[in-house]
Amino acid sequence: MKRLTLALSLLLAACAPVVQGGTSAQSTSKPALQASFSPAGVIWLEGGQVWLARSPGFQKVNVRLPGPASAVAWQAGINDFTPWAALTAAGLIVTADARPVSVPVGRVVALSSSRVYREDGSAVGFDGSAAAVGSAGLLGAPDTVLTGSDGLDYALQGSRLYRVDGSAAPTLLTTGAAPFVYASATGEFGGVGTANAPTLATSTGRYVLTGAALERRDAAGVLLASVPHGAGMLGAVGSLIVTVQPGGKLRVFAPELRELTP
């Protein structure tokens, strides 16, 4: 880990920051806890610190970065997933694993699984290229971005929900979106839905963190299972349901909500 910190520090010194006017749900108020989930594991951000827990062991690792992070996400590749963190003050994104890569991209505020969103609403790819994502962006910084089940990006600005595909101007879908957005093939907005609490939709049910419990419901909304659970974030890691609570408490569940030991 010391070698990772040293390597990232050298990359920061070599790359002058570019200052420009930036896979689970996040709230529009930029919560103290952010999390992103993929088949490879979970990465989360709290108080500027980044943590990573890879499947199947889910051993928590504090990723030592040369500055506070502002956003995290898994970049979806063809056969793999790469964890990234945004260092807004430095104008960089960096890989959050043992293969440090640093890319100057400007002042980033949000990451999806394929795009990096900057303060002015423009987006680039994880390689820093605007051509990789198309020229159309948002007007102003998004509060939340998420890649939907259809492979397109969706962005929240306050209660306004946009669909972003990069080839045309963003499409305003609603001005009354709920504060949490989640990927769903049957969502009311195409590839996503919105909810008033962190929500996950899978083939085995819809999971919701109410603040007091983790609930599993069927397509009709019938409660199938419930376990006591505090506020946090949730997502799917393969077939598992994984949650992260403030303070870095990690819990792992089978689809029927049988708790497993990480």
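Being open to solvent by less than 40 Å² (accessible area, probe 1.4 Å) and among the charged types (D, E, K, R) is a property that does not hold for R160. In this structure, D150 does not qualify as over 24 Å from S184 (Cα atoms) and among the charged types (D, E, K, R).
Taking the stretch 197-233 as the range and being loosely packed, with under 14 Cβ neighbours inside 10 Å and aromatic (F, W, Y) as the test, no residue passes. Return yes when T144 is closer than 30 Å to E256 by Cβ, crowded, with 22+ Cβ neighbours inside 10 Å, in contact with a strand residue (DSSP E or B) (Cβ under 8 Å, 6 or more places away or on another chain) and modelled with pLDDT of 90 or more and no when it is not. So T144 passes the test. For the stretch 113-125, a residue qualifies if it is more than 18 Å from L172 (Cα to Cα), in a loop (DSSP other than H, G, I, E, B) and either open to solvent by less than 10 Å² (accessible area, probe 1.4 Å) or of a type in the set (S, T, N, Q) (or both), and the qualifying residues are S113, S114, G125. Condition test on V61, is it open to solvent by 10 Å² or more (accessible area, probe 1.4 Å), part of a strand (DSSP E or B), more than 18 Å from Q34 (Cβ to Cβ) and of a type in the set (V, I, T)? The answer is no for V61.
Which is touching a Phe, Trp or Tyr at 6+ places or on another chain (Cβ under 7 Å), open to solvent by 20 Å² or more (accessible area, probe 1.4 Å) and under 27 Å from V124 (Cβ atoms), of P170, P262? It is P170.
Candidates in the stretch 98-112 are the residues that are in contact with a Leu (Cβ under 7 Å, 6 or more places away or on another chain) and open to solvent by 10 Å² or more (accessible area, probe 1.4 Å); of these, the one that is modelled with the lowest pLDDT is A98. Of the residues T194, T186, the single one that is open to solvent by 50 Å² or more (accessible area, probe 1.4 Å), assigned to a strand (DSSP E or B) and not hydrophobic (A, V, I, L, M, F, W, C) is T186.
For every residue, the table says whether it meets (1) at pLDDT 95 or above; (2) not in a loop (DSSP other than H, G, I, E, B).
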| position | (1), (2) |
| --- | --- |
| A69 | yes, no |
| P83 | yes, yes |
| G137 | no, no |
| G151 | no, no |
| A168 | no, no |
| A177 | yes, no |
| V181 | yes, yes |
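Search the stretch 85-97 for residues being in a loop (DSSP other than H, G, I, E, B) and at negative phi, and hand back the single one that is surrounded by the most Cβ atoms within 10 Å (Cβ to Cβ). Within the stretch 85-97, the match that is surrounded by the most Cβ atoms within 10 Å (Cβ to Cβ) is A96.
The values are calculated or read from the model by the stated rules, or taken from the named source; none is laboratory data. Given the structure is predicted, the values throughout are model-derived calculations rather than measurements. Every residue, glycine among them, receives a Cβ derived from its backbone with ideal geometry; neighbour counts consider all protein chains shown. Ligands, DNA and RNA are excluded from the accessible area calculation, which covers all protein heavy atoms including side chains. Shrake-Rupley method; radii C 1.70, N 1.55, O 1.52, S 1.80 Å.
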